[in-house]
Amino acid sequence: MTGLSVHGNYIYLGSRSQNRVYRYALPNITSRVNFTYFTGFSSTCDIAMDVPDNIVWAASTNTSIAVKCYDNNNTMVDYIPVSLIPNARGLTLDPSGYLWISDIDADKIYQVDLTEGIEEGVQGLSVVPSANPFSGAVTFQAQGVTGTVAVFDMYGRQVESDSFQNAWTWNSSAPAGSYIFVIIDEQGESTTLELVKI
């Protein structure tokens, strides 16, 4: 078990081994209810609950995405890449709606304004997709860049990872939908793109 959060008459418990959050009624804690399942996201370290919006933030030892946000339909709705916070471990939400994240290696605590959006601040590399939305295949041009790319579906499952130099093409039989591409160069700079396959 890892991570606890309390809201009203409920306590929320993150389960590291089962990749889910359980909800218990206070004060007697006699039965539990599944709140959400972290599809494709293992080794959770802590959770932070945004109960009014029915979402949970989860920190993990994942190598591409440090913190993911899931709704109670088990769908990833937001994320923070490791390029922003490399080793996220502790999480909490304050009454003003700020997400606080501790980084054990940098020995820092970050305050994240969730109203500003996460992805917009990630554009450290110049990577240009051939189309968005795309059908069939999509090619990313990153002139002069050698690095890696990881592809995640909207449930947070990693569906592909690969290395590239200057360009990379994803020609997958994955179903139509939204996909997140996390691209990291050899210097550790990254960019995160969300594309739609039709």
Ile109: passes all of (1) among the β-branched types (Val, Ile, Thr); (2) more than 12 Å from Phe181 (Cα to Cα); (3) surrounded by 14 or more Cβ atoms within 10 Å (Cβ to Cβ); (4) at pLDDT 75 or above but (3)
Of the residues in the range 160-184, those that are part of a strand (DSSP E or B), over 12 Å from Ala150 (Cα atoms) and at pLDDT below 90 number 2
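Looking at Leu84, Leu99, Leu91, which is the one that is surrounded by 14 or more Cβ atoms within 10 Å (Cβ to Cβ), in contact with a helix residue (DSSP H, G or I) (Cβ under 8 Å, 6 or more places away or on another chain) and part of a strand (DSSP E or B)?
On the way: Leu84 fails: part of a strand (DSSP E or B); Leu91 fails: in contact with a helix residue (DSSP H, G or I) (Cβ under 8 Å, 6 or more places away or on another chain).
Residue meeting the stated conditions: Leu99.
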By residue number, the members of the range 1-36 that are of a type in the set (Gly, Ala, Ser), within 16 Å of Pro52 (Cα to Cα) and surrounded by 18 or more Cβ atoms within 10 Å (Cβ to Cβ) are Ser5
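Hey, any hits in the range 153-162 for a residue that's closer than 16 Å to Ile80 by Cα, outside the structural domain of Pro81 (by TED's automatic domain parsing), in contact with a helix residue (DSSP H, G or I) (Cβ under 8 Å, 6 or more places away or on another chain) and not small (Gly, Ala, Ser)?
Step one: list which residues in the range 153-162 are closer than 16 Å to Ile80 by Cα, which gives 153-158.
Still in the running and outside the structural domain of Pro81 (by TED's automatic domain parsing): 153-158.
Subset that is in contact with a helix residue (DSSP H, G or I) (Cβ under 8 Å, 6 or more places away or on another chain): none.
No, there is no match, as no residue in the range 153-162 is closer than 16 Å to Ile80 by Cα, outside the structural domain of Pro81 (by TED's automatic domain parsing), in contact with a helix residue (DSSP H, G or I) (Cβ under 8 Å, 6 or more places away or on another chain) and not small (Gly, Ala, Ser).
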Conditions (1) surrounded by fewer than 19 Cβ atoms within 10 Å (Cβ to Cβ); (2) at pLDDT 90 or above; (3) part of a strand (DSSP E or B) -> Val138 fails only (1)
With the first residue restricted to the range 94-106 and required to be in the same structural domain as Ile80 (by TED's automatic domain parsing), and the second required to be among the acidic types (Asp, Glu), Cβ contacts under 7 Å at 6 or more apart or on different chains are Tyr98/Asp113; Trp100/Asp94
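Considering only residues that are hydroxyl-bearing (Ser, Thr, Tyr) and without any contact (Cβ under 8 Å) to a residue 60 or more places away in the chain, look in the range 133-160 and name the one that is nearest to Thr191 (Cα to Cα).
Narrowing the range 133-160 to residues hydroxyl-bearing (Ser, Thr, Tyr): 135, 139, 146, 148, 155.
Applying the additional criterion that residues be without any contact (Cβ under 8 Å) to a residue 60 or more places away in the chain yields 139, 146, 148.
Values: Thr139: 15, Thr146: 13, Thr148: 11 Å.
Looking at residues that are hydroxyl-bearing (Ser, Thr, Tyr) and without any contact (Cβ under 8 Å) to a residue 60 or more places away in the chain, I get Thr148.
The values are calculated or read from the model by the stated rules, or taken from the named source; none is laboratory data. Since we're looking at a predicted model, the values are computed, not measured. Here Cβ is always computed from backbone atoms with ideal geometry, including for glycine, and neighbour counts include all displayed protein chains.
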